[in-house]
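Peer 1: After the structure tokens below, expect a handful of questions from me.
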Amino acid sequence: MDTEESLPRTTPSPDAPASPEGDTSQKVSQKGGSGKKKFDHEPYTAPDVEPLDLDDVTFEHFAAAVCAPALVAGAPESRVRELARLVGAYIPNVNGRGLLAGGEYEGVLMVAAVRGRPDAPRVVVGGAVFKPHPRELSFIELALFAVENKCQGRGLGMKLMTFLKRFAKDTHGACAVLSYADFKAYSFFKRL
């Protein structure tokens, strides 16, 4: 899916209840401190996963041509912005918004259905940002990959990666995915 016009919006309203104590969903990176470059990201609010059917997930793709205009100042709320918030919250030392806005990177969202509410908008539970390389090189560069904290350990990361590999092969002729895993993600990528 390369357009955003028909996509439902699942961003919490400004008056949504605050996260419970100890919840890591209100992740906001800040500049300064430890010598590592940090970025200001839009605030991210984790979804309530209890009503979600995590066995019913689908994927939404956003081409680079769709990502860049969706992130300019004053652009309306969009699924691309939801992806930028998700990866900004879980990977704060990388400027995911900047990658998506630069015109070379594409995005994929993993969204889950709300149990018993078939007409409700699907809710973001994971996503990836990647850069396709020329067909003759046959690979994509996986820059960012995140699954909502409350949804981890349920096979969703594997589903997202399986979709991404199939999509990369079918759409970009890629036969490999190049990724740079940090220490915390190493065990996940090792299992793939």
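The values are calculated or read from the model by the stated rules, or taken from the named source; none is laboratory data. This one's a predicted model, so the numbers in the text were calculated from it and none came from an experiment. A quick note on method: Cβ atoms are made from the backbone with ideal geometry, for glycine too, and the neighbour counts reach across all protein chains shown. We work out accessible area using only protein heavy atoms, side chains counted, and drop any ligands, DNA or RNA first. Shrake-Rupley method; radii C 1.70, N 1.55, O 1.52, S 1.80 Å.
Peer 1: Which residue, of 89, 73, 68, is open to solvent by 10 Å² or more (accessible area, probe 1.4 Å), farther than 17 Å from residue 133 by Cα, modelled with pLDDT under 95 and assigned to a helix (DSSP H, G or I)? Give the steps one after another, and end with the answer.
Peer 2: Values: 89 fails: open to solvent by 10 Å² or more (accessible area, probe 1.4 Å); 73 fails: assigned to a helix (DSSP H, G or I).
Among 89, 73, 68, only 68 is open to solvent by 10 Å² or more (accessible area, probe 1.4 Å), farther than 17 Å from residue 133 by Cα, modelled with pLDDT under 95 and assigned to a helix (DSSP H, G or I).
Peer 1: Would you check which residues across region 34-53 are within 16 Å of residue 110 (Cβ to Cβ) and either at pLDDT below 90 or not aliphatic (A, V, I, L, M) (or both) and list them? Outline the logic, then answer.
Peer 2: We begin by selecting, within region 34-53, every residue within 16 Å of residue 110 (Cβ to Cβ); these are 44, 46-47, 49, 52-53.
Within region 34-53, 44, 46, 47, 53 qualify.
Peer 1: Determine which member of the set 55, 119, 40, 48 is touching a Lys or Arg at 6+ places or on another chain (Cβ under 8 Å), open to solvent by 30 Å² or more (accessible area, probe 1.4 Å) and free of Cβ contacts under 8 Å to residues at least 40 places away in the same chain.
Peer 2: On the way: 55 fails: touching a Lys or Arg at 6+ places or on another chain (Cβ under 8 Å); 119 fails: touching a Lys or Arg at 6+ places or on another chain (Cβ under 8 Å); 48 fails: touching a Lys or Arg at 6+ places or on another chain (Cβ under 8 Å).
None of the others qualify; the one that does is 40.
Peer 1: Can you find a residue in region 58-65 that is of a type in the set (Asp, Glu) and either open to solvent by less than 20 Å² (accessible area, probe 1.4 Å) or closer than 13 Å to residue 124 by Cα (or both)? Write out each step before concluding.
Peer 2: Just the residues of region 58-65 that are of a type in the set (Asp, Glu), to begin with: 60.
From what is left, the residues that are either open to solvent by less than 20 Å² (accessible area, probe 1.4 Å) or closer than 13 Å to residue 124 by Cα (or both) are 60.
Yes, region 58-65 contains a residue that is of a type in the set (Asp, Glu) and either open to solvent by less than 20 Å² (accessible area, probe 1.4 Å) or closer than 13 Å to residue 124 by Cα (or both).
Residues are listed down the side, and each one gets a yes or a no for (1) of a type in the set (A, V, I, L, M, F, W, C); (2) closer than 17 Å to residue 99 by Cβ:
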residue: 132; (1), (2): no, yes
residue: 151; (1), (2): yes, no
residue: 154; (1), (2): no, no
residue: 162; (1), (2): no, no
residue: 170; (1), (2): no, no
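For (1) modelled with pLDDT of 70 or more; (2) on the phi < 0 side of the Ramachandran plot; (3) in contact with a strand residue (DSSP E or B) (Cβ under 6 Å, 6 or more places away or on another chain); (4) not acidic (Asp, Glu), each residue gets a yes or a no:
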{"position": "155", "(1), (2), (3), (4)": "yes, no, no, yes"}
{"position": "162", "(1), (2), (3), (4)": "yes, yes, no, yes"}
{"position": "167", "(1), (2), (3), (4)": "yes, yes, no, yes"}
{"position": "170", "(1), (2), (3), (4)": "yes, yes, no, no"}
{"position": "185", "(1), (2), (3), (4)": "yes, yes, no, yes"}
{"position": "190", "(1), (2), (3), (4)": "no, yes, no, yes"}
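Peer 1: Next question, about the same structure. Out of everything in region 103-116 that is under 13 Å from residue 59 (Cα atoms) and among the hydrophobic types (A, V, I, L, M, F, W, C), what residue ends up being most open to solvent (accessible area, probe 1.4 Å)?
Peer 2: Checked region 103-116; the qualifying residue most open to solvent (accessible area, probe 1.4 Å) is 113.
Peer 1: At pLDDT 95 or above and either over 15 Å from residue 144 (Cα atoms) or acidic (Asp, Glu) (or both): does that describe residue 56? Write out each step before concluding.
Peer 2: On the way: at pLDDT 95 or above: yes; either over 15 Å from residue 144 (Cα atoms) or acidic (Asp, Glu) (or both): yes.
Criteria met by residue 56.
Peer 1: What pairs come up if the first residue lies in region 132-156 and is surrounded by fewer than 17 Cβ atoms within 10 Å (Cβ to Cβ), the second is at pLDDT below 95 and polar (S, T, N, Q), and their beta carbons are under 7 Å apart, counting only those six or more places apart or on different chains?
Peer 2: Final answer for the pair search is 149/24; 149/25.
Peer 1: Within region 154-175, identify whether any single residue is in a strand (DSSP E or B) and in contact with a Leu (Cβ under 9 Å, 6 or more places away or on another chain), and answer yes or no. Please lay out each step first, then the result.
Peer 2: Narrowing region 154-175 to residues in a strand (DSSP E or B): none.
No, there is no match, as no residue in region 154-175 is in a strand (DSSP E or B) and in contact with a Leu (Cβ under 9 Å, 6 or more places away or on another chain).
Peer 1: Let me ask something else about it. Just checking, which of 125, 177 is among the aliphatic types (A, V, I, L, M) and open to solvent by 40 Å² or more (accessible area, probe 1.4 Å)? Working first, answer last.
Peer 2: Working: 125 fails: open to solvent by 40 Å² or more (accessible area, probe 1.4 Å).
Answer to the check: 177.
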